[in-house]
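Written out below as structure tokens is the structure these notes cover.
The values are calculated or read from the model by the stated rules, or taken from the named source; none is laboratory data. The model shown is predicted, which means the values in this text are computed figures rather than measured ones. Ideal geometry is used to build each Cβ from the backbone, glycine not excepted, and the neighbour counts take in all protein chains shown.
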Amino acid sequence: MKHAGVHFLVFVACGFITCSAQSNLTVTVQNLKNIKGDILVGLYDNASNFPRKVATGQVIKITEQEMRVTFPDIKPGNYAVSVLHDENQNKDMDQGRLGIPKEGYGFSNNATGFIGPPTFKKARFHVPDGDSSITIKMKYLK
């Protein structure tokens, strides 16, 4: 009979408190070539949106050549991250002739693509229950 009471208390507690697992993801961005502008960090939760439509994103003013961004309270699961060094703060990746990026960029797993961004599968990583972190090294083509 005591066990039934314990289960009832857990059930009642979950009715008043969110019992779904939540995680905090910290993204460390390395190798920023300068501290001009912002970094735009996008978190993606599925392949069909990557890398165009973020599930959640942050714009952070750059103060150091290595920055950390935290995404709090995300559900455990598979994600991908993209980072743009938006030096002129126009919220867009500036491109030169032939579509070559003029600003720095990076992806989770330091994934690269062939003539364009990597696939979600290449950039995908798993966020477990609890705190986790990834590191992305910026790339500059100019």
Being of a type in the set (A, V, I, L, M, F, W, C), within 23 Å of ASN34 (Cβ to Cβ), out of contact with any helix residue (DSSP H, G or I) (no Cβ under 8 Å at 6 or more places or on another chain) and modelled with pLDDT under 95 is the requirement here; does LEU141 meet it?
yes
So, in the range 76-134, how many residues would count as being modelled with pLDDT of 95 or more, over 20 Å from GLN22 (Cβ atoms), out of contact with any His (no Cβ under 9 Å at 6 or more places or on another chain) and not in a loop (DSSP other than H, G, I, E, B)?
12
Restricting the range 78-131 to residues that are loosely packed, with under 11 Cβ neighbours inside 10 Å and of a type in the set (D, E, K, R), the one farthest from VAL41 (Cα to Cα) turns out to be ARG97
Could you tell me whether the range 16-24 includes any residue that is within 23 Å of ARG124 (Cα to Cα) and modelled with pLDDT of 95 or more?
yes
With more than 20 Å from VAL127 (Cα to Cα), modelled with pLDDT of 95 or more and assigned to a strand (DSSP E or B) as the only criterion, which of VAL59, VAL41, VAL29 stands out?
VAL59
